[in-house]
Amino acid sequence: MNLSAWNAKLRDWQSRAVAAVLTHHSPDFLATATPAAGKTRFALRIAHQFLADRAAGRVLVVCPTNHLRGQWAAAAGQVGIQLDPALTNDQACEARDYHGAVVTYQQVCLAPALFQRACRSRRTLLIFDELHHAGDGKDWGRALREAFSEAAFRLALSGTPFRSDNNPIPFVRYEQGESQADFAYGYAEAIREGVCRPILFPSYEGELTWLSDGREHRATFEDGLTAERRRERLKTALLQETWLGPVIADAHAELTRLRKHEQPDAGGLIIAMNQDHARQVAELVGRVTGSRALVAVSDDPAASRTIETFAQHPKQQWLVAVNMVSEGVDIPRLRVGLYATNVLTEMYFRQVVGRFVRMQEGIPRPQRAWLYLPKDETLVHYAKRIKAERDHVLEEVMPSVQRTLFGTVATSLKEYVPLNAVARLDALIGEDEAEPEKSTGTTETDVSLYDRKIHLRDLHRDLVGTVARKTGIDHRRLNAELIKRTGGRVDQATVRQLERRIALLERWRDSGFDGALRS
């Protein structure tokens with residue numbers, strides 16, 4: 001397939017990272033860059049160069065979620081690289097008019113031999129998005145090694161360094177258990193260069209009461225407790241409307257101020273503990289603010305559409321989510337957040353922070369963002385590390401596996417039961433962040449090949465139905481004849497093949513089906 005010239009602007013760090021990749025002597029390269037810095041654009045520049053130089057015949061992006069498949073394909077289409085985000089394991093390989101495809105880690109690990117054969121048949125550039133996810137499954141590392149050991153080049157991306165405490169990830173160098181990046185770009189650099197916004201962390205104290213082990217406990221976040229009681233204290237705050245309601249009210253007041261004085265389309269995001277909690281929080285948002293909140297949870301087939309609806313409709317103020325937007329999902333208008341989850345790994349916390357720090361053009365500087373927190377000592381520690389962070393790579397990142405600290409609420413009085421919580425603002429972490437310098441934005445208008453194919457396939461489906469009704473010939477025979485005449489199945493068809501199919505169907509619709517007719 002033809003490849004248009006690259007004409008998208010790169011940030012300085014992206015240009016330096018591209019140069020580092022192109023002079024690298026190993027087939028594996030790990031780039032860590034702070035969330036919202038622009039890892040996707042950097043990776044696509046590498047993909048374009050490999051395709052233009054014929055160092056690779058195709059590009060395969062492996063990412064954590066189905067939602068990110070569509071986002072990668074859209075971003076690639078804007079710079080002239082056409083990736084299929086709907087490739088299934090039944091298809092084996094994308095249609096020839098694509099430059100490649102986007103799949104998930106889980107998809108690869110279900111059929112590693114399939115991807116191995118595809119790499120053998122065409123020189124493949126691999127892009128691993130948020131590679132630390134390869135450690136989530138016990139056998140995923142083995143499967144990825146089997147699938148991609150013969151790839152032409154493997155470019156791995158991550159928002160932070162990660163460790164190998166449980167499942168070492170293939171194609172990564174480790175020292176003392178921690179991944180070693182070939183190129184690193186930190187949050188402090190991104191703020192200084194105007195790539196990311198500074199973020200503030202309002203932290204909230206509370207007077208918290210709960211039942212556990214048959215007795216009542218009372219504590220604030222200042223009180224010294226055992227690890228188990230600290231977890232119970234945090235969950236009590238997140239489950240009680242008397243604590244969460246006032247925090248939501250304060251966060252909404254900040255969002256309202258931003259929408260009135262700085263950014264009319266500013267949006268808010270609340271990260272919840274689980275699906276039931278997310279729906280309860282959304283209902284509470286409605287009662288506290290009078291503004292309906294959208295809910296996106298991973299088990300909902302419509303979650304991706306919900307996120308897109310929120311991203312594209314500036315009147316929608318709040319989104320409540322569980323994991324769906326912790327990393328990778330691009331909603332630049334997010335300015336205010338509430339960390340209402342009990343996941344306490346630093347990597348997850350930083351991924352959430354990354355949803356709020358993407359700089360936008362045309363918005364008054366310094367474009368600060370706000371992430372409201374319980375004053376849990378672990379979360380406050382992470383917030384202060386981000387505030388104090390400079391150019392160095394993190395030294396003590398916790399394992400990437402997201403540890404959920406609580407199960408369902410127990411019914412026995414000997415187990416944990418939240419009773420009451422009262423919130424009060426305690427501190428604003430990060431209010432002395434420096435104002436960033438101005439950066440140069442870009443405008444991208446190219447259309448994705450995938451979107452063109454969706455339109456053609458919809459038209460094709462309607463025409464098959466029409467012809468079947470008019471001629472009395474079943475869909476199976478029509479599709480068999482179409483395959484015979486155009487050379488491929490509809491899910492693997494190129495645009496030209498789809499157009500030929502549509503022309504045949506229109507002819508059969510208007511003149512009747514003739515099995516002897518050959519185009």
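Here are some notes:
- In segment 292-301, the residues that are at pLDDT below 90 and within 19 Å of Gly267 (Cβ to Cβ): Ala296, Val297
- From the options Ala92, Ala8, residue that is over 30 Å from Pro198 (Cα atoms), surrounded by fewer than 23 Cβ atoms within 10 Å (Cβ to Cβ) and of a type in the set (A, V, I, L, M, F, W, C): Ala92
- For segment 433-489, a residue qualifies if it is of a type in the set (D, E, K, R), more than 30 Å from Gly70 (Cβ to Cβ) and modelled with pLDDT under 55, and the qualifying residues are Glu433, Glu435, Glu437, Lys438.
- Here is the figure for segment 312-347: residues that are closer than 17 Å to Asn274 by Cβ and modelled with pLDDT under 85 total 5.
So that you can scan it fast, the table gives a plain yes or no per residue for (1) under 28 Å from Pro64 (Cβ atoms); (2) of a type in the set (A, V, I, L, M):
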position	(1), (2)
Gln240	no, no
Gly268	yes, no
Gln275	yes, no
Gln280	yes, no
Thr289	no, no
Ala293	yes, yes
Ser298	yes, no
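- Of all residues in segment 165-217, those satisfying the criterion of being part of a loop (DSSP other than H, G, I, E, B), without any contact (Cβ under 8 Å) to a residue 60 or more places away in the chain and of a type outside the set (A, V, I, L, M) are Asn167, Pro168, Pro170, Gln176, Gly177.
The rows are residues; the columns are (1) surrounded by 19 or more Cβ atoms within 10 Å (Cβ to Cβ); (2) within 18 Å of the chain's Cα centre (by Cα); (3) in the same structural domain as Val320 (by TED's automatic domain parsing).
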residue	(1), (2), (3)
Gly267	yes, yes, yes
Ala272	yes, yes, yes
Asp276	no, no, yes
Val285	yes, no, yes
Ser291	no, no, yes
Val295	yes, yes, yes
Asp300	no, yes, yes
Ala303	yes, yes, yes
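- Taking the numbered list (1) touching a residue at least 60 places away in the same chain (Cβ under 8 Å); (2) within 30 Å of Gln360 (Cα to Cα) in turn, Trp243 passes all entries but (2).
- Filter result for Arg96 (closer than 27 Å to Thr306 by Cβ and of a type in the set (Lys, Arg)): no
- Close pairs from segment 146-159: first aliphatic (A, V, I, L, M), partner surrounded by 20 or more Cβ atoms within 10 Å (Cβ to Cβ) and assigned to a loop (DSSP other than H, G, I, E, B), Cβ under 8 Å, at least 6 apart: Ala152/Ala56; Ala156/Phe171; Ala156/Val172; Leu157/Asp129; Leu157/Glu130
- Taking segment 12-54 as the range and being part of a loop (DSSP other than H, G, I, E, B) and among the charged types (D, E, K, R) as the test, the residues that pass are Asp53, Arg54.
- Conditions (1) at pLDDT 85 or above; (2) farther than 19 Å from Leu284 by Cβ; (3) crowded, with 22+ Cβ neighbours inside 10 Å: number failed by Thr378: (3)
- Flag for Ser4 being outside any helix (DSSP H, G or I) and closer than 25 Å to Arg96 by Cβ: yes
- Screening Tyr204 with (1) outside the structural domain of Trp318 (by TED's automatic domain parsing); (2) over 26 Å from the mean Cα position of the chain (by Cα); (3) of a type outside the set (Gly, Ala, Ser) gives one miss only, at (1).
The values are calculated or read from the model by the stated rules, or taken from the named source; none is laboratory data. Predicted, not measured: the structure shown is a model, and the values here were computed from it. Reconstructed Cβ throughout: ideal geometry from the backbone, glycine too, with neighbour counts over all protein chains shown.
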